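Written below as structure tokens is the structure these notes are about.
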Amino acid sequence: MTSTLQVPLHGVSVKIVRQNAGDLCEVLQSKFGCTVIIDGVDSADDFSSAQQKKPADEDQPRFAFKLDAGVQVSVWKADLTRFEAHAVVNAANTKLQHWGGLALALSKAGGPDIQRESESYIGKNGDLNTGDAIVTSAGWLPCKCIIHAVGPDLNDSSTPNVNRAEPLLKKTIWSILNKVSEKRLQSVAIPAISSGIFNYPLPQCADAIVSAVKEYYKSPNKHLPKEIFLVNHDEPSVREMTRACKSNFMSYSQAAGSQVREDAKTSTHSLQIGKVRLMLKKGHIEHEQTDVIVNTASKDKDLESGCISMALLKKAGDQMQREIRRASPDGRVIITNAYNLNCKNVFHTFCGGRPGGGWEQATSKQILFESVRDCLRLAVQYRHKSIAFPAIGTGNLGFDKTVVAQIMLNAVAEFARTCQSTLEVHVVIFPTDRDTFWAFENQMRNLQKLEFPPSTEHAFGKRDEFQGFKAASPQISLMGGSEEATREAERWLQNLFFETFSPVVIHNNFIHQFGEREDQQLSPLVKKGVSFEEHFKDGRASIVVKGHSDEDVAVARLKVEAILCKIQEKFVEEETQEINGKLIQKTYFGENTLTEPESQEFKEKSFSFMDKKLRISKVVKVVKVENPALEIIFEMKKKQLNCSTSRTMFQCMPAQFLELVSRIGFHACVAPPEDPILGQGIYFAGTVEKAMDMWKTPNEEYVYFVEAEVLTGSFTSGKRDLSLPLAVGKDPQKLYDSVTNRTDIAVIFSGYQALPTYIITCRVN
């Protein structure tokens with residue numbers, strides 16, 4: 001169940017967030033899995049800008065044309081990892097191993113979920129064939145999904161020449177476009193598939209791709225996307241795609257193509273503000289294919305009242321009316337299912353009736369402004385990528401069309417300035433309502449002239465003309481997958497902003513991997529007088545941060561935490577590749593399963609945690625770890641050690657390492673005990689009580705345990721400086737499998753000797 005928390009900002013915390021929004025959002029996502037929205041703060045961080053600065057010739061269309069079917073096809077020089085389309089295409093291999101080229105770039109930019117989903121698909125369905133395409137989520141990429149497509153490999157003996165490979169490449173493109181149709185996507189970005197390491201000659205590759213697109217949309221009765229983007233980052237590919245387009249569409253004059261390019265550059269109907277793309281269009285709101293459609297509903301929840309409500313109800317069906325009658329609002333919004341609409345959810349807003357004048361009118365404007373922001377906030381909270389608004393207020397509210405355009409678009413702009421998630425916002429105007437369209441078009445031009453989006457004050461003119469309006473108070477909204485995630489994140493933020501006193505000590509064994517690159521990232525803070533001292537003792541690493549002010553120390557601490565998160569992410573990627581290398585055949589890594597509190601499994605796993613001697617007040621959650629790849633390697637290790645049985649044991653660790661352990665298993669760097677008296681290995685406790693003693697967690701609200709099956713095998717007593725198990729007798733090549741204190745502690749020196757089975761989250765007194 002998702003959870004939301006607001007953390008007010010005041011004093012120096014506002015300045016810290018303004019200057020370091022990117023690092024802050026990255027740390028909160030990595031450590032606690034929380035999405036962040038920052039309100040009431042003008043972020044100066046590059047993370048909040050639309051994109052990093054690019055060379056002038058990048059992200060510009062080189063050629064554009066419209067097919068007879070109405071689909072626009074254009075050629076772009078741009079980076080696919082940052083390109084905004086409903087879907088981007090990955091040039092994949094048959095095993096969906098994203099280890100090089102474009103595949104690696106997309107996987108790294110999008111985060112670990114992309115590789116994880118790919119492995120899951122292969123594990124369940126087997127390898128892909130040449131010409132196949134599948135769809136996964138896009139992770140952190142600015143698109144809705146990734147289409148992984150396998151083009152012909154001319155290095156393969158089965159496709160030795162271009163003539164034999166061309167039908168396969170066309171099949172690949174058609175498979176991509178079939179997925180576009182199935183998912184009813186509005187746009188897709190396609191690279192020059194097979195032209196890289198698959199050795200397909202670039203000119204013939206471009207011709208095959210362009211002709212495949214042209215032929216595909218000659219057939220009737222297909223879903224028609226709005227745009228096909230042919231996107232490559234290198235100049236030769238862009239040049240060949242442009243040539244292929246011109247030669248395949250000779251009926252389109254060069255002048256017409258030039259005009260389309262010029263229109264694409266100067267259109268006032270699309271505007272990028274931070275990570276939010278604002279689009280103005282004519283159409284019928286009930287036909288929109290965005291993730292969310294916004295409806296303006298009456299206070300009595302009667303969907304047959306009002307033009308927008310009636311249109312949506314007619315297409316959605318009566319189920320939506322029945323649901324909204326029963327539903328409770330989230331602020332000013334009620335969320336319902338979409339039923340027969342082409343979206344995922346409908347957000348119903350309630351902005352009041354026709355205003356009178358003076359203060360009452362100002363209040364109605366404020367409600368309209370905040371209703372738009374609420375819808376945007378909820379869209380991001382529920383991880384939607386696109387939302388469509390009608391022109392709210394021009395009907396029953398009776399607002400002037402120009403005023404509505406100012407309020408709505410400035411609400412979007414204000415939200416976009418601090419939004420850290422990619423979102424596409426459509427404003428849909430009824431086709432014959434020319435006055436309203438003109439009002440919104442004019443306001444879009446005004447926004448384009450601004451170097452930064454306008455502040456809330458611009459939304460309504462001067463403050464004294466709008467007495468009821470209050471600017472958003474500075475705050476951070478945390479949205480996590482559970483209550484404990486948001487509460488832990490809130491606690492961390494409070495400590496960062498309001499309890500940071502020099503010096504600060506950061507404990508994390510990934511500090512061992514600090515090098516010259518990390519030192520360079522910290523050097524600007526060193527020039528300001530901040531010092532960083534690294535310490536290594538008893539297998540535990542720490543950094544002591546000192547500075548002239550609490551603000552400098554807080555910023556430095558945040559920067560160190562962000563660096564550590566990057567190192568951890570890279571570590572997981574490398575270990576995942578190593579695990580794959582040990583497997584005879586490709587095996588998926590699986591997904592964890594939450595057990596129901598009423599189930600016998602939950603009750604059995606909770607039993608040992610409710611001892612009266614412990615500080616545990618409640619077992620909050622029991623998650624079963626399902627990782628077939630680790631299970632296979634664990635069984636291989638069992639045979640290698642000739643060990644027929646395992647021992648159920650426990651580790652206690654911070655929340656930020658739980659995903660790592662369930663993904664790649666146990667490592668000594670993740671959860672070193674307070675006192676490593678038996679050596680520098682991976683420690684496990686035989687009881688929950690002993691685990692809490694070994695990994696002390698003072699003043700914590702939640703404690704996280706990982707239950708594991710451990711292969712202790714042959715063992716002996718350990719000692720503090722041990723880095724490998726002791727030798728058996730006088731043969732230095734024959735080692736014990738583990739060391740122990742012979743009662744309730746075991747230490748192994750290979751993570752493959754332990755298999756994570758459950759993650760148990762507990763609330764402590």
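The values are calculated or read from the model by the stated rules, or taken from the named source; none is laboratory data. Just so it is clear, the model here is predicted, and its values are computed rather than measured. For neighbour counting, all protein chains shown are included, and Cβ atoms are generated from backbone atoms with ideal geometry for every residue, glycine included.
The set of residues in segment 603-623 that are modelled with pLDDT of 85 or more, crowded, with 17+ Cβ neighbours inside 10 Å and not hydroxyl-bearing (Ser, Thr, Tyr) comprises Lys605, Phe609, Ile616, Val619, Val620, Lys621, Val622, Val623.
Matching residues to (1) modelled with pLDDT under 85; (2) among the charged types (D, E, K, R); (3) more than 24 Å from Asn199 (Cα to Cα):
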| position | (1), (2), (3) |
| --- | --- |
| Leu9 | no, no, yes |
| Gly22 | yes, no, yes |
| Val27 | no, no, yes |
| Ala44 | yes, no, yes |
| Arg62 | yes, yes, yes |
| Val73 | no, no, yes |
| Asp79 | no, yes, no |
| Ala91 | no, no, no |
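The listed residues are Glu370, Glu360, and the only one of them that is surrounded by 18 or more Cβ atoms within 10 Å (Cβ to Cβ) and either at pLDDT below 90 or in a helix (DSSP H, G or I) (or both) turns out to be Glu370.
Selection of segment 681-701 for residues being among the acidic types (Asp, Glu) and either crowded, with 17+ Cβ neighbours inside 10 Å or not in a loop (DSSP other than H, G, I, E, B) (or both) yields Glu689, Asp693. Determine whether Glu451 is among the acidic types (Asp, Glu), over 30 Å from Lys719 (Cβ atoms) and modelled with pLDDT of 80 or more. No, not satisfied. In the set (1) touching a Leu at 6+ places or on another chain (Cβ under 8 Å); (2) farther than 25 Å from Ser187 by Cβ; (3) modelled with pLDDT of 90 or more; (4) crowded, with 18+ Cβ neighbours inside 10 Å, the condition left unmet by Leu312 is number (2).
Would you point out the residue of segment 702-727, among those that are exposed (fewer than 14 other Cβ atoms within 10 Å of the Cβ) and not hydrophobic (A, V, I, L, M, F, W, C), that is nearest to the chain's Cα centre (by Cα)? Per the criteria, the residue is Ser723. Listed by position, the strands (runs of 3 or more DSSP E) inside segment 200-295 whose residues that are under 12 Å from Arg62 (Cα atoms) and at pLDDT 90 or above number at least 1 are 227-232.
Looking across segment 728-765 at every residue that is surrounded by fewer than 21 Cβ atoms within 10 Å (Cβ to Cβ) and touching a Leu at 6+ places or on another chain (Cβ under 6 Å), the one that is farthest from Phe609 (Cα to Cα) is identified as Tyr736. When you check Ile193 against the structure, is it within 30 Å of Gln289 (Cβ to Cβ) and either in the same structural domain as His148 (by TED's automatic domain parsing) or modelled with pLDDT of 90 or more (or both), yes or no? Yes; evaluated as a whole, the condition is true for this residue.
For segment 702-759, the tally of residues that are in contact with a Gly (Cβ under 8 Å, 6 or more places away or on another chain) and in a strand (DSSP E or B) stands at 10.
Applying the criterion of being within 16 Å of Phe65 (Cα to Cα) and of a type in the set (Gly, Ala, Ser) to the residues of segment 207-247, the residue that is surrounded by the most Cβ atoms within 10 Å (Cβ to Cβ) is Ala244. Do the conditions hold for Thr716, that is, is it of a type in the set (S, T, N, Q), touching a Leu at 6+ places or on another chain (Cβ under 9 Å), at pLDDT 90 or above and within 26 Å of Cys643 (Cα to Cα)? Against the criterion (of a type in the set (S, T, N, Q), touching a Leu at 6+ places or on another chain (Cβ under 9 Å), at pLDDT 90 or above and within 26 Å of Cys643 (Cα to Cα)), Thr716 qualifies. Examine segment 671-680 for a residue that is farther than 24 Å from Leu594 by Cα, in the same structural domain as Leu630 (by TED's automatic domain parsing), in a strand (DSSP E or B) and touching a residue at least 60 places away in the same chain (Cβ under 8 Å), and state whether such a residue exists. No, segment 671-680 has no match at all.
Before we move on, is Asn592 closer than 30 Å to Asp127 by Cα and either β-branched (Val, Ile, Thr) or buried (at least 20 other Cβ atoms within 10 Å of the Cβ) (or both)? Considered against the rule, which asks whether it is closer than 30 Å to Asp127 by Cα and either β-branched (Val, Ile, Thr) or buried (at least 20 other Cβ atoms within 10 Å of the Cβ) (or both), Asn592 comes out as no. Restricting segment 335-357 to residues that are modelled with pLDDT of 60 or more and either over 25 Å from the mean Cα position of the chain (by Cα) or among the basic types (Lys, Arg) (or both), the residue that is surrounded by the most Cβ atoms within 10 Å (Cβ to Cβ) is His348.
Can you name every residue in segment 717-757 that is within 19 Å of Met636 (Cβ to Cβ), among the aliphatic types (A, V, I, L, M) and in contact with a Phe, Trp or Tyr (Cβ under 6 Å, 6 or more places away or on another chain)? Scanning segment 717-757 gives Ala754, Leu755. Would you be able to tell me the number of residues in segment 417-436 that are of a type in the set (Val, Ile, Thr), touching a residue at least 40 places away in the same chain (Cβ under 8 Å) and in a loop (DSSP other than H, G, I, E, B)? Within segment 417-436, residues that are of a type in the set (Val, Ile, Thr), touching a residue at least 40 places away in the same chain (Cβ under 8 Å) and in a loop (DSSP other than H, G, I, E, B) number 2. For segment 502-532, what are the residues that are touching a Pro at 6+ places or on another chain (Cβ under 9 Å) and in a helix (DSSP H, G or I)? Asn509, the sole residue that qualifies.
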